[in-house]
Each structure stands twice: as C-alpha cells, then as structure tokens.
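*Asks:* Before I ask anything, here is the structure I am working with.
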2 protein chains.
Amino acid sequence: MTLEDVARLANVSTITVSRALNHPDKVAKSTLERVTRAIEQTGYVPNMLAGGLASRRSRLIAALVPAMTNAVYAETIHYFSEALKTSGYQVMLGECGYTEESEHEIVTTVLSRRPDGILLTGVKHTLECRRQLMAARIPVVETWDLTTTPLDVAVGFSHERLGESVIDHFVDKGFTKFASLCASDRRARLREAVMKARLTRRGIAGLTFAAVPAPTDLRRGREGMRQLIEQGVNGAIVICSSDTLAHGAMIEAQAQGLSIPKDFAVFGFGDQSFAAETFPALSTVRIDRPEMGRRAAEALLRRIDGELLDDPVVDVGFEIIERETA
Amino acid sequence: MTLEDVARLANVSTITVSRALNHPDKVAKSTLERVTRAIEQTGYVPNMLAGGLASRRSRLIAALVPAMTNAVYAETIHYFSEALKTSGYQVMLGECGYTEESEHEIVTTVLSRRPDGILLTGVKHTLECRRQLMAARIPVVETWDLTTTPLDVAVGFSHERLGESVIDHFVDKGFTKFASLCASDRRARLREAVMKARLTRRGIAGLTFAAVPAPTDLRRGREGMRQLIEQGVNGAIVICSSDTLAHGAMIEAQAQGLSIPKDFAVFGFGDQSFAAETFPALSTVRIDRPEMGRRAAEALLRRIDGELLDDPVVDVGFEIIERETA
DNA sequence: GCGCTGTATGTTAGCGCTAACATAATTCGG
DNA sequence: CCGAATTATGTTAGCGCTAACATACAGCGC
C-alpha cells in the first residue's frame, strides 16, 4: 500500500494525499474527506523512510542514556518522550553505557538513522564524538549536567553546587562524621570529590569511602554499607550516590540489627518515587526528572525549529528533602 | 556526505562503496582498502533511511512494552537488544501502556518506520491491531505470555500454570490463609483468578484481595498491605503480583511493627535483582528475563530470515524461589 | 587460440515520498 | 465582467541508496 494506491482510489494526485496527511489545512474539505476515506479503506500506513528521505526530516529523535534499566534515566526519557509526542516525533532509545567510548559507538549508529535531534546524558564525550555531532549539524541536548561549553544546549544541574550544598547542610546541622557510598559513575564521582573538598574547607578531617561499580542496585548498597561498617564509622552520615544505594545501605544496617538514623544517618540522591516509602523514609536530594525531561524536549524542539535560544544552558536545580534518615 | 562523495574519492562507482559496506567479501581487497580509507577521510555516515527504502530492509526492530520505567520490561528489552546487536539490528522502544487500545495506536506509528520485526508484550491485542500486523507481513514475537494462537511466534510462560503451581506449593506446605495483592494488569489479574480457582479446588475457602493500580511501586505495595492488614488477615501469606509490591508490603508490615514471616508471609513475582537483597530475603517466582529476551531475539531473527519455526511457541517456564519471607 | 567459468565492477532503474515550481479554479473589488 | 489575488491541485525532479541485470577481465583446460 503506497500513497499512489490511496491517490488512485481518492481520484487525486499523490501530492494531494501527502498534503492531506501533513498539511491538512492546505487541502479543500471535500477532498480531505475523500482522501481520509480512501486511507481508511486501504489501511494505508505511511512510509516514513521514504518521507524522511524526501523531506530530510525523519521525525525521529534519538535519546542516549547509560542504561535503560536505571529507573532514573528511564523516567527522564519517559517524560521527554511524552513531551515530544504531541509534536509528532518518535524517540529512539539507545544505551550508551558508562564510558565515553561506547557512547561514541552508539552515536555513529544512531546518526545513520538521520534523527532530527539527539539527547545525550552527561556533557563529557570523546573529541571524535563531538566532531561527528557537529558535522551532522543536528540539534543536541545534553542532560543531567551543566557546562559552559555545551555542544548545543544543556539541561541539568550543577553537581558541584549540589555537593557543596549537601555538605554545608549537614555540617550546619552539626554532623561531624561523614561517609560516602559512591558508584563508579563519572557524575557521582564528581559530586564525591566536591564533597570531600568542601568538608576540608569546613574544617572536617575525613571522609570514609566505599566504592561500588555502576549500575547501582540494592546489593551494591548492602555491599558498600558492609564496607563502611567494617571501617567502623558508626554514627556517621552515609551519603549515597543514588537512592537505590541508600536503600540498600538501610537494609544492610537493619539486617545487622542497627537502627537508622540512630546508629547511622543515611542520605540518598535523586528522590526516586520509592524514597518517601522506605522505612524510615529516606532523606535525599530531589532532582526534578519530569521537569528535566520536559525542558530538554522543549529546548530541543525549539532548536529543531531553527530557533536560537538566548540561554543554551538550563539549570533545573535540586532540592534537599529532609525525611527521617538524616 | 553521501556514497557518491566516497565513491569519487575512492575512484569507484557508488555501488562498489555500497558493497564494501554491506557485503565486503564481494569486493577485492585492494578496492576495499581504498574505500575504507575514503570513508574515514570523509567521515561518511550511511543514510539508513535511503538504504532501508531501497532494500526494503530497515534493520530496525520495534519493541513495545507497557512502560519502560518498569524494570522488569526494561530488563527484558535490554537483553533482547543485546542479542540483536551483533546482527546489525537496532531496537526502537515504544511504550504501549496497559491497554490494548493504546497498544494499537503505537503499533500504527511504529509500522510507519517499516521495522523488520516487532516485539510485543502480551498476547492480547485489538482485532484491528492484529489485522494491521498481519497486513504488514512482518515477523512478530509476543512475549511474557503464551497462547495457542500466536500472531507469529510467542516466547513466554503460562500464567495459568504459574498460578496453580504457586497455590499448590503453599497449600502443600500447610498454609491455609491466603491474600492477594494484585496490580490492575491483565496478566497479573489472570494469575490471581487462576489462584483463586485453585484454592477452591484445594478446599480452601477464601482469598482476601487488595487491588492497586498499575504500574507498581513501593507506595502501592504499602497501600495494598494496609488494606490487607485492615481486613485482618494476620498470619496469611500475601501473594503479590510483583516483587516491588511485595517489597512495599514488607516495608509496611515492618513500619507497623509486624514481623515477617511471623505475622505475615510474603511472596513476590519476577525475582528481580533486589529480591535476594531485601531483609528478610524475598521468596518469589523467578522469570528468566535474560533468557526470555534472548529467545525472543533468536526467534525473531529466524523469522526475519524467512525460516519457519517448527515450534512457534517457546515456554521459558518459571521457578519458585524459596527465601525467607514465605 | 577458443569457449568456459568465476570474480570484480559498473549501469540502470527504481524504492515511496515531498519540495518547488506550475497550473487551474475560485473569489472579489471596481 | 475584467484582471489580480487567492486558493486548490498537479507535474517534475530528486532525496541516497540498492537489486538486478550487464559487462569486463583473468585464469584455465584443451
């Protein structure tokens, strides 16, 4: 079934059918009706490979996240797709792993589909990857971080400011013993480094570390917490690089008969939906993922429409949420 | 940058470049080298819209799941994509929601990209959707369920047998008080119905219900558990339609000062990675999602290659995992 | 040398659609 | 009722690639 079949049935030329589908306001009402009926009768489904080739608009947007099994990214993309749906774009999801090299690999494959725009996670990419994206001349939105030199636009928050705020918050509250349970993720590591520096600045000597591989899950959280308990940091506040890690840490503490927040305070990152529902409820820092997804979609759409944004860097901020664990 | 640019630089015709990329064994070694160099020099990225149009193979496979934020589906698709990667297919993920109608809508959009195959979740689709898929004449793999009448091939397990096995298992172990914490998901409901029937058959009178909306999260689990506690089913085994619900139920019980499995036994579904890491460790029924993803990929690839499978229905089974909660 | 095979490359004609321009039909002021 | 403006439709060419069919050329036995 092609446009031509529909056109023949409706007794018009193919371009009229094309217009009926893409610019219905440019077709007379009676014609539009005839065409619509013909489309229904034939069960015609447009071929967007052909359409994309001819118009040089694929109506496809690629979104690359480290892992789709990571709820935090899945959610961002969910809201991102949602926001794009009304404008007729489809999202093609890709997993780019936790290294720049694997990201570049995926970018190449994805570019062969000629997306009208790309969403990337993070602002660090290989030089070659940056070059390729520039050469492709398509709008790019980088998310989950900020930079003064975005490829095109960036929508995220400052991990530096976040790390400092968290430390200031807890030092001001009188905490003196700090531990970090951190996954091997570039942005998590950055926050950790900033926190360590800030602690020193605030006159607090040490930060006890527990490192676990990304991606994070309850097991890693329990593992990390075991490490910390062995290091004897009783009474410390355990700052985790994700809510999942924090939840795992809580479970491990409970399993060892420790009480939270009495024996350990625990602090998460992300404010995932489950954070408010753990027992005790997890204190964490909220990242507004729906907002980030939506703002990324909005910025990308405007860039696709050729608009030049007066501020290519959108800071969606963060918010410290005090619940019961810290 | 097009094939022609590369061809000119390598001093060959465009078709030779095309062959160098798609059938390198059909090109002389010296030519292949020249072409490869030219591709590197120009930074050429193939246009798969054009390629797909010309060859009638998009090298795209669509995968539709109810929600990508649901870890269980995200994982299935992750393994599915992984298994397809080596054969040069890209996966286009779509969210089809929890109703047949929204699924049909997405199927139509997705078909316009002319995928070489489609993965669907579940075996229930609107009549119109089935028609459209048949008309498109592309291989389809239905997952997460079985049927005697697959659209094409199905890879999953029997929810009926699962429900019966679970009941038999716990009745045999001496449980007499049963409760169901079930999300409004077609397959979850099916299992629940089967379990209820089986209980009657085994001479056990009642099954106390708590229903929560899909998708499931800790909050729903806590909510449902509150319902059950109010209904006074102390001492019952709470059979949950997902591990997440089960985890939520455990948290609620603990928050109310109840002990698991003493006051309540809890049983999950899925054996997600966190199930072994809750405290106490969650008993559940394992669904081998990596296996399901891989088998789905394998079956679909064989169908794409035109093979006729002698058994179009693949049962990946399930396994009851006894841990500490039941 | 002949025809035969097999390998390496090229030519031609589309895939199904839309941009850009061309033409036809309608409206409308004067 | 004319010509200009406006609206509705059609014609043509081409997007970038590949299938299918040439063609060219080397190697080989006789």
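The values are calculated or read from the model by the stated rules, or taken from the named source; none is laboratory data. Keep in mind that this is a model prediction, so the values were computed, not measured. Quick reminder, even Gly has a Cβ in these numbers, built from the backbone with ideal geometry, and neighbours come from all protein chains shown. When the accessible area is computed, the model is the full protein with side chains, heavy atoms only, and any ligands, DNA or RNA have been set aside. Shrake-Rupley method; radii C 1.70, N 1.55, O 1.52, S 1.80 Å.
*Asks:* Report yes if A:Gly163 is modelled with pLDDT of 95 or more and within 14 Å of another protein chain (Cβ to nearest Cβ), otherwise no.
*Replies:* Against the criterion (modelled with pLDDT of 95 or more and within 14 Å of another protein chain (Cβ to nearest Cβ)), A:Gly163 does not qualify.
*Asks:* Among B:Ser102, B:Ser81, B:Ser158, B:Ser184, which is the only one that is more than 30 Å from A:Asn70 (Cβ to Cβ) and of a type in the set (S, T, N, Q)?
*Replies:* Selected residue: B:Ser158, the only one of B:Ser102, B:Ser81, B:Ser158, B:Ser184 that is more than 30 Å from A:Asn70 (Cβ to Cβ) and of a type in the set (S, T, N, Q).
*Asks:* Restricting to region B:8-31, what's the tally of residues that are more than 8 Å from DNA strand D (Cβ to nearest atom) and without any contact (Cβ under 8 Å) to a residue 12 or more places away in the chain?
*Replies:* Total satisfying the criteria: 9.
*Asks:* Failed condition for A:Gly163, given (1) assigned by TED's automatic domain parsing to the domain that holds A:Ala197; (2) surrounded by fewer than 17 Cβ atoms within 10 Å (Cβ to Cβ), with all others met?
*Replies:* (2)
*Asks:* Something else: Give region A:37-54 a look and list any residue that's more than 8 Å from DNA strand D (Cβ to nearest atom) and open to solvent by less than 60 Å² (accessible area, probe 1.4 Å), or say none.
*Replies:* A:Ala38, A:Ile39, A:Thr42, A:Gly43, A:Tyr44, A:Val45, A:Pro46, A:Asn47, A:Met48, A:Leu49, A:Gly51, A:Gly52, listed by residue number.
Here is a yes/no grid of residues against (1) under 20 Å from the mean Cα position of the chain (by Cα); (2) open to solvent by 50 Å² or more (accessible area, probe 1.4 Å):
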residue: B:Ala253; (1), (2): no, no
residue: B:Gly257; (1), (2): no, yes
residue: B:Pro261; (1), (2): no, yes
residue: B:Phe274; (1), (2): yes, no
residue: B:Phe279; (1), (2): no, yes
residue: B:Arg303; (1), (2): yes, yes
residue: B:Asp310; (1), (2): no, yes
residue: B:Ala326; (1), (2): no, no
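*Asks:* Is there a residue being facing chain A (nearest Cβ under 7 Å), outside any helix (DSSP H, G or I) and surrounded by fewer than 24 Cβ atoms within 10 Å (Cβ to Cβ) anywhere in region B:71-89?
*Replies:* No - not one qualifying residue is present in region B:71-89.
*Asks:* Is it the case that some residue within region B:32-48 is within 30 Å of B:Arg8 (Cα to Cα), more than 13 Å from every other protein chain (Cβ to nearest Cβ), without any contact (Cβ under 8 Å) to a residue 24 or more places away in the chain and hydroxyl-bearing (Ser, Thr, Tyr)?
*Replies:* Yes, some residue in region B:32-48 is within 30 Å of B:Arg8 (Cα to Cα), more than 13 Å from every other protein chain (Cβ to nearest Cβ), without any contact (Cβ under 8 Å) to a residue 24 or more places away in the chain and hydroxyl-bearing (Ser, Thr, Tyr).
*Asks:* Which of the residues that make up region B:112-125 are open to solvent by 10 Å² or more (accessible area, probe 1.4 Å), under 24 Å from A:Gly51 (Cα atoms) and either more than 10 Å from chain A (Cβ to nearest Cβ) or part of a helix (DSSP H, G or I) (or both)?
*Replies:* Passing the criteria: only B:Asp116.
*Asks:* Then there's this: Which residue is nearest to the other protein chains (Cβ to nearest Cβ), if the candidates are limited to region B:219-236 and must be open to solvent by less than 10 Å² (accessible area, probe 1.4 Å) and under 27 Å from the mean Cα position of the chain (by Cα)?
*Replies:* This residue is B:Gly221.
*Asks:* Between a residue in region A:295-322 that is on the phi < 0 side of the Ramachandran plot and part of a helix (DSSP H, G or I) and any residue that is among the aliphatic types (A, V, I, L, M) and surrounded by fewer than 17 Cβ atoms within 10 Å (Cβ to Cβ), which pairs come within a Cβ distance under 8 Å, given they are 6 or more apart or on different chains?
*Replies:* Partner pairs satisfying both residue conditions: A:Ala299/A:Leu309; A:Arg302/A:Leu309; A:Arg303/A:Leu309.
*Asks:* Does at least one position in region A:215-237 carry a residue that is outside any loop (DSSP other than H, G, I, E, B) and among the acidic types (Asp, Glu)? Before you say what the answer is, go through the steps one by one.
*Replies:* Initial filter on region A:215-237 (outside any loop (DSSP other than H, G, I, E, B)): A:218-230, A:237.
Adding the requirement that they be among the acidic types (Asp, Glu) leaves A:223, A:230.
Yes, there is a match, as at least one residue in region A:215-237 is outside any loop (DSSP other than H, G, I, E, B) and among the acidic types (Asp, Glu).
*Asks:* Name the residue, out of A:Ala179, A:Ala135, that is in a helix (DSSP H, G or I) and either within 14 Å of chain B (Cβ to nearest Cβ) or at pLDDT 95 or above (or both).
*Replies:* On inspection, the qualifying residue turns out to be A:Ala135.
*Asks:* Sticking with this structure for a sec: What is the one condition in (1) of a type in the set (Gly, Ala, Ser); (2) open to solvent by 20 Å² or more (accessible area, probe 1.4 Å); (3) within 24 Å of B:Cys240 (Cα to Cα); (4) touching a residue at least 24 places away in the same chain (Cβ under 8 Å) that B:Ala136 does not satisfy?
*Replies:* B:Ala136 satisfies every listed condition except (3).
*Asks:* Next up: Take the conditions open to solvent by less than 60 Å² (accessible area, probe 1.4 Å), more than 9 Å from chain A (Cβ to nearest Cβ) and free of Cβ contacts under 8 Å to residues at least 60 places away in the same chain and apply them to B:Ala63. Does it pass?
*Replies:* Values: open to solvent by less than 60 Å² (accessible area, probe 1.4 Å): yes; more than 9 Å from chain A (Cβ to nearest Cβ): yes; free of Cβ contacts under 8 Å to residues at least 60 places away in the same chain: yes.
It is true that B:Ala63 is open to solvent by less than 60 Å² (accessible area, probe 1.4 Å), more than 9 Å from chain A (Cβ to nearest Cβ) and free of Cβ contacts under 8 Å to residues at least 60 places away in the same chain.
*Asks:* Right, next: Go through the residues of region A:46-63 one by one and say whether even a single one is at pLDDT below 95 and part of a helix (DSSP H, G or I).
*Replies:* no
*Asks:* Here are the criteria: (1) open to solvent by 20 Å² or more (accessible area, probe 1.4 Å); (2) in contact with a Ser or Thr (Cβ under 9 Å, 6 or more places away or on another chain); (3) acidic (Asp, Glu). Tell me which single one A:Glu103 does not satisfy.
*Replies:* All conditions are met except number (1).
*Asks:* Those residues that are part of a helix (DSSP H, G or I), more than 9 Å from DNA strand C (Cβ to nearest atom) and surrounded by fewer than 19 Cβ atoms within 10 Å (Cβ to Cβ), I need them from region B:1-36; list them, please.
*Replies:* B:Glu4, B:Asp5, B:Arg8, B:Leu9, B:Leu21, B:Asn22, B:Pro24, B:Glu33, B:Thr36
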